[in-house]
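Data first, discussion second: the structure below is written as C-alpha cells.
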Amino acid sequence: MPVNRLLLIALLILGFPEEMLAQQSCILRMELRDQEDKPVPGVWIKPLGSLNGALTNEDGRCAIKVPCDSAIRIEGFFERKRVFSGQMVALKDSTKYQIAYLNAGVGNMELLRITSGTGTGLNIELKPRAVEGMTGLGSGIENIIKTLPGVFSNNELSSQYSVRGGNFDENLVYVNDVEIYRPQLIHSGQQEGLSFINPLLVKNLKFSAGGFEARYGDKQSSVLDVEYRKPTRFESTIDIGLLGASLAVEQLSANRRLSGIGSLRWRSNTLVLNTLDVRGRYVTNFYDAQWLIAYRLTPRLRIEWLGNTAENRYRLNPESRETSFGTAQNAFNLYVAMGGQEFSGYNSAMSALSLIWKPRRSTELKLIGSAFATREQEVFDVFGAYSLGLLDKDPSSETYGKPIRNLGAGSFIDHGRNRLNTRVINLSQLGNWNSSNKKISLHWGARIQQEQIRDKIHEWLYNDSSEYNIPPFGFGRDSVVMDGYVSGRAKLSSWRASAHLQSSFLIHKSSNTRITVGSRSQYWSLNGQWIHSPRIQLSMEPNRAYNTSLPDSLRRDVVRLYLAGGVYNQPAFYREMRRFDGTLNTQLRAQQSIHFVAGMERTFMMWGRKFKWLSEAYYKQLQKQVPYLFDNIRIRYYAENSSKGYSWGVDNRVNGEFIPGLESWFTLSVLQSKERISYRNSTGNEVISNWLRRPTDKRVNAAIVFQDELPGNKRYRMNLNLIFGTGMPYYLGGNLRYKDIYRIPPYRRVDIGFTKVIADAESKPKGKLWNMVQSSWVSLEIYNMLGIDNVISYLWVKDFSANIYGVPEFLTGRMLNLRLQVRLN
C-alpha cells in the first residue's frame, strides 16, 4: 500500500486535524441530495486523482480539502463503485455547503432497499438487477418477499403469502403511504392475475414480519411499505416474455418541476395452466396501467397523483382431468370427463392525490385523499362424470401403469353465481418532525374512511356415486340433497376513524441506542368497537465503530440488537364476517395478536465484501381469532371470535455478494402455530377442541436465492430460486374442522434462469442504435425444473363401498420461459 495512503489512514484513526494534510487549500463543503431533496449518506467523495476524501454523513454532508478558487472535478463512490462525477469550486473562507443533486449520471445509485424502519426487523439492500433478473413464475416483488425469513407461500400462481403463522388477509401493503386492497372473491391462483406492485416502478421497499411500528395500520402479521421512483431524466424499460410484457416510461421536465412515471402491463398464464391436470381451453388475460405524476408548486410544496386501473379475465372450458395418486403399494387413477364453463373477472381502479408540504427542513406534512373501487364476478357451471380405478404396479405386467379394476364411478355438477362490488374512500393526514440534532423524531397521522360493499353469493354442489344420491333420514325419497349450498345477499355501508402517534428517541449516541414508542386507535361504526394498539421498539449497536468517516474496509463488524413488542388488532373488512351459509356477523370483534420479538443483525466483511446475518426469535399470543379453512387460496371464515392460540419461531437469513456484484441470500425459518377452538358439537353443547395446528402451521421453511456468473465471461449469469417447506394441515368443513387428520405434503420447487447480458454500462455492441440502450439482457428460465408435483388442495370422491378418497389437486409442472429486457435512455 502506498506510504501516503497509510499516512492518511493513520491520521484519520488518530484523529489529527485534516488541515495538517494540506495547509495551502480550502475546504469544499458539499451536501449531496437526491431528486426528492433528501440527503444521501454513505457516499465517499474525493477530488479526481486524489486520495483525500470524506464520507457523506446522515445529512448528506461532507468536507474535503481542495485548491482554492479553482474548478475541481470530484467523484463519488458507493461500495467501491464510482457512482457519479462532477465539477465544483471551493471559495476561500466560505462556510456554506454547496448542494449537489443526484442526476442522470447516477443510475448506479438507484438501490432497491428492503428495510425495517427504525428499531426492528429486516434490513436488506438489493440492487435493481437482483429483482429484475430473479427467476420465478411470479417474477415480481412478491416473488422476493416469499424468500424472506418468516414468509412462505405454497402456491406459485398466487402473489399472496403467509407470515409467521398468519393468513393472506393479515398483511398490510402500502404504496406511497396509500393502503392497497386485494380482490376478495377469487378462490384459486389461476384467477388472480397481476399484483398491484409493479417492480419496474419501485424505488424502496420496507418490510417487517412482526413487531412493526404504530405508524402502520391494523393488521396482525406484516407490513410491506413500497415507495415508487421519482424520475431524474427520460428513461424507458421494455420487458417481454412468453407469459407477458411490460413497458415503463419516466420523464422529468426541463425546469425539474413536473415529473411522471407510468407503466402498462399484460400477462397471460395460459401456457402455465396447460401443465395442470385439468385439460381444456384456458383463456387468461390480465392488464393494468399505473402512473405517478408529481408537480412541484414551490420549493417546499408539491402535489402527487398515484393511479391504477386493472382488468383481469380468466375463462376455462374444461374437457377432462386425469390424476394418478397414492403410494407404490396402492396407486390409483382418477379420470373425469368434463364440460361446462368457468369464468371469473374483476375490474379495479385506484386514485390517490397527495399534497406534500415541507414548511421547514425538519418537518413534512402530507394530506392524502384516495379512492378504491373493484367489481368482481365469478360464474361457473361445470359438470362431469368420473371413474376411479386401481393401477397395476407390477413392472413385468403388460398393463403396468394402467387401471386394472374399477373402484367407483359418479358424477357432479358445480354451479355458482357470485358478485362483489367494493368501494373505499378515505382522507388522511400524515406528518413527521425531526429535531435538529437527530435525537428525537415524531410521526403522527389521522384517517377517516368510508366503505360500501355489495355482495351476492349463490353456490351449490351436487355429487352422486354410481348414479345414487341417497337422502339422509327425514328427507323424502324423491329429494335431491346437495353436498354444498350457499346463498346470500349483503349490502353494507360503514365508516372508520383512526389515528396514531409515535416518537423515537436517541438515548445513547455512541452505541446508537434508540427507543421508539407509539400507539394507534381505530373506531368502526358497524360494530361500535374502539381498539387501541400500543407498540414499542428498542435497538442498539453495542460495538458500533465510532469513527464513521472510515471506509467499510477499516470498520469493525457492526452488531445491532433489538427488541420489539406491542398489540396488533385487526378489525374485519368483509370476508371475516361471512358465515358458511352466506349470512353475516356484523358484530364480529377485532382479532388480536400480541407480538414479542428479539433479534440480532450482524454486518461483517468477508472476501473483501459486506455480508449480513439476521436472526430473530418471536412469540405471538393470539386472542379473539376467527377460525378458517382454505379452499385453494380462498379463505372461508367461521365468522366467530371462537379461537385462541399462539405462534412462535426463529428466523435466520444470510445475504451478501457471494459473487462480486450479484446479491444472493439463504433463509431458514422454524415455526409452530396452534389454536384451540370453541364450538357446539352435534348435541348442541359448547366444547373446546384440543390444541390444533393452525392451517398455516408450516414447521420448517427454507429458501435459497443464488446468482452466479461464468468464470472468464461475466456476461453469462445464472439465477437459482429454491424453496422448501414442510407439510401443513388440511381441514375439511363440519366437525372435521376440529380434528387434525389430513396433511398437505411438503412444498418443493426449484426455478433456474440463464441470462446473457447484451449491453450494460461497461460494454455494449457498436452502432448508433446501441447508443440509446442503457442495458439489455435475455434470459431462458426453467420453472419447476425438477418437475415436482406440489399439492394445493384435495378433491374428495367415493368408491362403490362408500369409502372416500382424497385426490390431490396438483400445481403447475415444468415449463420454459424466454424473457428479454431493454432499458433505453
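The values are calculated or read from the model by the stated rules, or taken from the named source; none is laboratory data. If you're wondering where the values come from, they're calculated on a predicted model, not measured in any experiment. We place every Cβ from the backbone using ideal geometry, glycine too, and count neighbours over all the protein chains shown. Quick note on the areas: whole protein, heavy atoms, side chains included, nothing else; ligands and nucleic acids left out. Shrake-Rupley method; radii C 1.70, N 1.55, O 1.52, S 1.80 Å.
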> Whole-Å semi-axes of the chain's equivalent ellipsoid, largest first, each the root of 5 times a Cα gyration tensor eigenvalue?
Replying inline: 52, 30, 25
> What's the extension gain from ASN543 to TYR97 if we count 0.36 nm per residue and subtract their Cα-Cα distance?
Replying inline: 157.4 nm
> Between the stretch 605-621 and the stretch 403-468, how many Å separate their Cα centres?
Replying inline: 34
>> Rolling a 1.4 Å sphere over the protein heavy atoms, what is the accessible area per residue of the stretch 693-733, to the nearest Å²?
In response: 38
>> At 7 Å along Cα-to-Cβ for each site, give me the label-to-label distance between GLU398 and LYS644 in nm.
In response: 6.8
> Which of rounded, prolate, oblate describes the stretch 621-765, given a ≥ b ≥ c as roots of the alpha-carbon gyration tensor eigenvalues and a/c under 1.5 marking rounded, otherwise prolate only if a/b is larger than b/c?
Replying inline: prolate
> Contour minus end-to-end for ASP381 and TYR742, with contour as 0.36 nm per residue of separation and end-to-end as the Cα-Cα distance?
Replying inline: 127.1 nm
>> Tell me the volume per residue, in Å³, of the convex hull enclosing the alpha carbons of the stretch 226-273.
In response: 69
>> Out of the total accessible area of the chain (probe 1.4 Å, heavy atoms of protein only), what percent is carbon and sulfur?
In response: 57
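If each DSSP helix of 4+ residues adds -39,500 (n - 2.57) and the sum is divided by the residues in the chain, what number results at 222 nm, nearest 500 deg cm²/dmol? Could you put the intermediate results ahead of the total?
Working: 4 runs with 26 residues, N = 825.
Calculated at 222 nm, the ellipticity per residue is -1000 deg cm²/dmol.
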>> Taking θ = phi - 60°, what integer Hz values does the Karplus form 6.51 cos²θ - 1.76 cosθ + 1.60 yield along the stretch 779-787, in sequence order, with x for Gly and Pro?
In response: 9, 9, 10, 10, 8, 6, 4, 8, x
> What length, rounded to one decimal in nm, is gained on full extension from ILE804 through to ASP789, with 0.36 nm per residue of separation minus their alpha-carbon distance?
Replying inline: 3.2 nm
> Relative to the longest principal axis of the chain, what angle (0 to 90°, nearest 10) does the C-alpha long axis of helix 3-14 take?
Replying inline: 80
> When the distances between all Cα atoms of the stretch 138-178 are binned every 5 Å from zero, what whole-number percent does each bin get?
Replying inline: 5, 23, 32, 26, 12, 3
> Among the DSSP beta bridges whose two residues both lie in the chain, what percent are antiparallel, rounded to the nearest 5?
Replying inline: 95
> What is the distance in Å between the Cα centres of the stretch 227-280 and the stretch 752-805?
Replying inline: 17
